[in-house]
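Working notes for the structure below.
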Ligand SMILES: [Zn+2]
């Protein structure tokens, strides 16, 4: 019984986490564009409701994020890259350790 409830909760979270199409629908299907010997190489993700192409998949990667979790991760990576925070932090630590007289 608890197992069922848990499964429902997980399913609810997955659906809630999905980024809907601009029309508001979260139902989509894949249109295979290219495959080699039955293995899909390229596919479009098409909205079931309005028929708009919402995403594109090629060689194991989606073009745009599918879920809010991924969107946050993508934005965070973009942010870190833009402001180069990792490099700045390393420089700051390096300069600080020099001022202190070595590591
Ligand atoms: Zn749509």
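None of the figures in this text is laboratory data; all of them are computed from the coordinates on show. Quick caveat, the model's predicted, so the values are computed rather than measured. So basically every Cβ, Gly included, is an ideal-geometry build from the backbone, and we count neighbours across all protein chains shown.
Which of 82, 33, 52 ends up with the largest GNM mean-square fluctuation for the chain, with Cα atoms connected below 10 Å? Greatest mean-square fluctuation among the candidates belongs to 82.
Stretched out straight at 0.36 nm per residue, the stretch from residue 13 to residue 96 would grow longer than its current Cα-Cα span by 25.5 nm. Between residue 27 and residue 74, the distance separating the two model label sites (each 7 Å from Cα on the Cα→Cβ line) works out to 2.4 nm.
Where the centre of each part is set by its Cα atoms, how far does the stretch 70-103 sit from the stretch 2-65, in angstrom? After rounding, the separation between the Cα centres reads 34 Å. Between helix 68-83 and the chain there is an angle of about 30 degrees, using the helix long axis and the longest principal axis of the Cα atoms. If R0 equals 41 Å, the separation of the Cβ atoms of residue 4 and residue 82 corresponds to a calculated FRET efficiency of about 0.35.
The residues 53, 45, when put in order of fewest to most other Cβ atoms within 10 Å, stand as 53, 45.
Entry note, the chain: the mean residue ellipticity at 222 nm calculated from DSSP H runs of n ≥ 4, each adding -39500 (n - 2.57), is -15000 deg cm²/dmol after division by the residues and rounding to the nearest 500. Axis of helix 2-17 versus longest Cα principal axis of the chain: the two differ by about 80°, to the nearest ten degrees. Largest mean-square fluctuation among 70, 37, 11, in a Gaussian network model of the chain whose springs join Cα atoms under 10 Å apart, belongs to 37.
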